[in-house]
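These notes concern the structure reproduced below.
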Amino acid sequence: MFRHIFLYRMRYYLRTKAFIFWLLLFPIILSSLFKVAFSGILSEEGFELIDVAVVQDENYDSQEKFFEVLDNMSVKLGEEVKEDTMFVIQHVDEKTAISLLEKKKVSGVIYVDSDSEIKIKLKENGIPQTILKEFVDITKQKIDLATDVAIENNGELPVDFVERLSVSKEFMQDSLKGRKNPDAIIPFFYTALAMTCLYGMMVGLYEIIDLQPNMSDFAIRISLTPISKMKVFFASFLAGCTTQLVIVFIVLSYIMFVLNIDFGDRYLLIILTTIVGSIMGVTLGALLSALFKVSERIKMGISIGFTMFCCFLAGMMDSSMKYNIMQTAPIINKINPANLITDSYYKLYYYEGISHYINNITSMIFITIVAFFATLALLRRQKYDSI
Amino acid sequence: MTVFKACIKICSRNLGDILIMLGVFIGMSLLFSSYSSDNSKEGYVNANIKVAYIDNDNSILSKGIKTYLKDKVQLKDIVETDEGIQDALFYRIVEYIIIIPEGFLDSFIKGEIKEIEKREVAESFSGIYVSNIINNFMNSLDLYKTGIKNDDMESLLKKAMENVEIKSEVEFLQEVKKEKADLKQQFIFAAYTIMGSIIASVGTLAAIFNNKEIKRRNKISAIRPTSLNLILVLANLCLTIFIWSIIMMFVYLMHGKEMLNYKGGFYVLNSLVFSIDALSIGFFASTFVSSANGRSAIANTVALGSSFLTGVFVPISILGENVRNVARFLPSYWYVDACEKIHSLTSFSLNNSKEIFINMGIQILFALALVSVGLVIARQKSLASNS
């Protein structure tokens, strides 16, 4: 009998195409969108030349050295670009410079004031402006430094110093030790997977609805049969879990192989996480459905709302949300099912050991078991006398 | 009038559903805005970046670098084992870790470069900032060493520290008011809220009236089809405005004072136009999806998907030009863009606001297009079912 119920329930799921479609398609669409949206961040964009206006007035000559360096890194407007060029400069008077800046035709204006100080005028703050400012600062520093050195060396500059002046050495290097650095993009995909697992709540929801005679006709018929409700529940619950597992694995394979997102190489544990996550989702849905005596639509609404809210707290929309919560209310991260699933994948990817991961998977299993038995308890109370 | 009353009845019966979704979305937006900082803005440098400094050299040089960094970043202590480092980055206790190798001072004096190891959370502007200031400092130090041969490390350090403090003065054309972007962020996130709640809710009415039997009964009734449709439109509009006002109410509760000016007015108007857009998307979706679950599915997909693509969660300036070009085909892009433009308004004038009105106009065009196509589809369907 068990097998019969199981098989028929599986058939039922295979036939409700809209349902499966929704559970499967939404995560796939969403993760594809992630990939499209974030591919822009990962691609190396070429360096864009920065337009600068230099005010050529009576104070200009007092900073000859500075402008010599600037000219070395620039081309004039209309000239051909050389290697190492960073800026496109125009030598204009003050009024024209300001007008160019207003119209955003240049990113910044460099001028020398009456005290022979180099100053910058900007309209807004952005990457070109930051680069321009940095360049001016560093050039000023180098000129000052060279002056200092000259003073110490009685007006001369050592040859190796002059050579060194035009070189910029790199002192920082990414550490080669340790596995990987935390990634900015990958966690989004992990949350999409967590969302897929939690959408299994809808499966769990319907499992219970189809068992409660006050909710569905199907359940009325089932409650008339001589089979124990528990047996029916276990069999159809198993069918629901199996369906959800298949769905989540399809989504996982899509994210891993089609979108090429790195999950690390601990495949067995990844599979374990996926299995536990899916079952947790279905169980939570069942619990929700057994707990609240409201209409089917409202239950769906609650389950979708709960899922999106949990995923939001796990950092799906804004990845810093997770860390903010960690600082203000860390307990939420420890019980949020979406976060537990996301973190499990992330820990498998990032860490080499297993200790961090064990905490997560234990919590997930604990939640699943508690939810399952709570559901059972709630179901048992609903017995129908012969009416 | 009867029809309108029927619509109201339908809505009030399904109110629970609508309010749950609305509640979840509003909850998310409240959390999002209370935690969000403008640190995803392009070029923004977080000078409060948390950095760990691991000194394996313990020399006057490494201590000097630490002193230099003290007031530029937020130095934090972490457990200095391999695992401690991994944990620190994983839990974002720090976002950047500097590891000074043993023998750093010795190699520096010899003129070799022993690189400083770094580990960061993910490539970010703040991380680049830290790398840059260290490189700049080390380069200055190296230059001084090359130029002034007989100086000792302490004196070199002092000179370098003074040297890198030389900065040029920056003037902005107008006071770039460091305006809090809270209100802007709130309204941008509202795109998700508006789309999610309105698309799902609007479909309810349409689906019910599209029900075959109900449609047939209405067709043979005394009411003209045009009148019927108009009343439906009116009812949908009322529902939309109802949902919109609830959302506005919450925004006002959070940011009341800031909204009482021309900018607030623009934000509110922009969001009303966008709500009409969401209404048209909902209407369009309801022409070919009639089940409640299907509509909920579409609502979530469209809301979440287009929110990601059009820069609601991650600013579009970070996503890149390719994404921006795709996003232009989505109505929410123009809404978000208008919000950004409203935020950067410095004064109220017809000239400045021209662009904002253009954005709103484009949104209205989207609405008209979607409604027209929806009407055509609906008409085709009814023709098909008749023949």
Problem set entry | Karplus 3J(HN,Hα) series, Hz, for segment B:71-88 with 6.51 cos²θ - 1.76 cosθ + 1.60 (x for Gly, Pro) | 9, 9, 9, 9, 7, 10, 8, 9, 5, 8, 8, 4, 5, x, 5, 4, 4, 4
For this session: Only Cα pairs under 8 Å and at least 6 apart count here; give the relative contact order of chain B as a rounded whole percent.
Result: 18
Seminar exercise, completed: Per the 1/(1 + (r/R0)^6) rule, R0 = 25 Å and r from the Cβ atoms of B:ASN325 and A:GLU102, FRET efficiency to 0.05 is 0.35
For this session: State to the nearest 20 debye the size of the charge dipole of segment B:123-282 about its Cα centre, where the only charges are +1 on K and R beta carbons and -1 on D and E beta carbons.
Result: 1480
Problem set entry | 0 to 90° range, to nearest 10: angle between helix A:355-381 axis and chain A longest Cα axis | 30
Problem set entry | Partner aspartates and glutamates for B:LYS219 [C-alpha distance under 18 Å; skip if fewer than 8 residues away on the same chain] | none
For this session: Could you let me know the centre-to-centre spacing of segment B:228-245 and segment B:124-177, using Cα atoms, in angstrom?
Result: 62
For this session: Considering Cα pairs under 8 angstrom that are at least six residues apart, work out the relative contact order of segment B:264-381 and quote it in whole percent.
Result: 41
Exercise. Which whole-number percentage describes the relative contact order of chain A, with Cα contacts under 8 Å and a sequence gap of 6 or more?
Worked result: 18
Problem set entry | 11 Å beta-carbon shell around B:ALA327, net charge (K/R +1, D/E -1) | 0
Exercise. Under 14 Å from a point 7 Å along the Cα-to-Cβ line of A:GLU64: which residues of segment A:146-175 have their amide N that close?
Worked result: none
For this session: Take every DSSP beta bridge with both residues inside chain A and express the antiparallel ones as a percent of the total, to the nearest 5.
Result: 30
Problem set entry | Distance in nm between pseudo-label sites at A:ASN260 and B:MET161 (7 Å out along the Cβ direction from Cα) | 4.8
Exercise. Pairs B:LYS50/B:LYS184; A:LYS119/A:LYS142; A:LYS119/B:LYS70; A:LYS76/A:LYS105; A:LYS35/B:LYS184; B:LYS118/B:LYS167: which exceed 20 Å Cα-Cα?
Worked result: B:LYS50/B:LYS184; A:LYS119/B:LYS70; A:LYS35/B:LYS184; B:LYS118/B:LYS167
For this session: When a/c is below 1.5 the answer is rounded, else prolate if a/b is larger than b/c, else oblate, so apply that to the protein assembly as shown with a ≥ b ≥ c taken from the square roots of the Cα gyration tensor eigenvalues.
Result: oblate
Seminar exercise, completed: Check: C-alpha center segment A:119-166 vs C-alpha center segment B:54-119, spacing in Å is 26
For this session: Compute the FRET efficiency between A:PHE292 and B:ILE128 as 1/(1 + (r/R0)^6), taking r as their Cβ-Cβ distance and R0 = 51 Å, and round to the nearest 0.05.
Result: 0.55
Seminar exercise, completed: Rounded to a whole number, the mean other protein chain Cβ count within 10 angstrom for residues of B:90-100 is 3
For this session: Mind checking which aspartates and glutamates have their Cα closer than 12 Å to the Cα of B:LYS114? Skip sequence neighbours fewer than 8 apart in that chain.
Result: A:GLU170, B:ASP57, B:GLU102, B:ASP106
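Nearest 500 deg cm²/dmol is fine: what mean residue ellipticity at 222 nm does chain A get from its DSSP H runs of n ≥ 4 alone, each adding -39,500 (n - 2.57), divided by its residue count?
Numbers: 16 runs with 246 residues, N = 387.
Calculated from helices alone, the mean residue ellipticity at 222 nm is -21000 deg cm²/dmol.
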For this session: Just check segment A:34-172 against the gyration tensor rule for me: Cα atoms, a ≥ b ≥ c as the square roots of the eigenvalues, rounded for a/c under 1.5, and otherwise prolate or oblate depending on whether a/b exceeds b/c.
Result: oblate
Exercise. Sequence-distant or interchain residues sharing an amide H contact under 5 Å with B:LEU75, placed H: which?
Worked result: B:VAL51
For this session: State, in angstrom, two size descriptors of chain B derived from its alpha carbons: Rg to one decimal place and Dmax to the nearest whole number.
Result: 29.2, 104
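Is segment A:252-343 rounded, prolate or oblate when judged by the Cα gyration tensor, a ≥ b ≥ c being the square roots of its eigenvalues, rounded requiring a/c under 1.5 and prolate requiring a/b larger than b/c?
oblate
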Problem set entry | Given A:LYS123/B:LYS159; A:LYS17/A:LYS299; B:LYS76/B:LYS149; A:LYS65/A:LYS95; A:LYS103/B:LYS257, the pairs whose alpha carbons are separated by over 29 Å | A:LYS123/B:LYS159; B:LYS76/B:LYS149; A:LYS103/B:LYS257
For this session: Going by C-beta contacts inside 10 Å, put A:CYS311, A:CYS241, B:CYS339 in order with the fewest on the left.
Result: A:CYS241, A:CYS311, B:CYS339
Problem set entry | Gyration tensor over alpha-carbon atoms, segment A:110-244, equivalent ellipsoid semi-axes in Å | 77, 21, 7
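Taking each residue in B:156-169, count the Cβ atoms of any other chain within 10 Å of its Cβ, then average. What number comes out?
Neighbouring Cβ atoms belonging to other protein chains average 4 per residue here.
The numbers here are math on the coordinates, done by the rules we state, and not lab data. Source: prediction; values computed, not measured. Because the Cβ atoms are built from the backbone with ideal geometry, glycine has one as well, and the counts that use them run over all protein chains shown.
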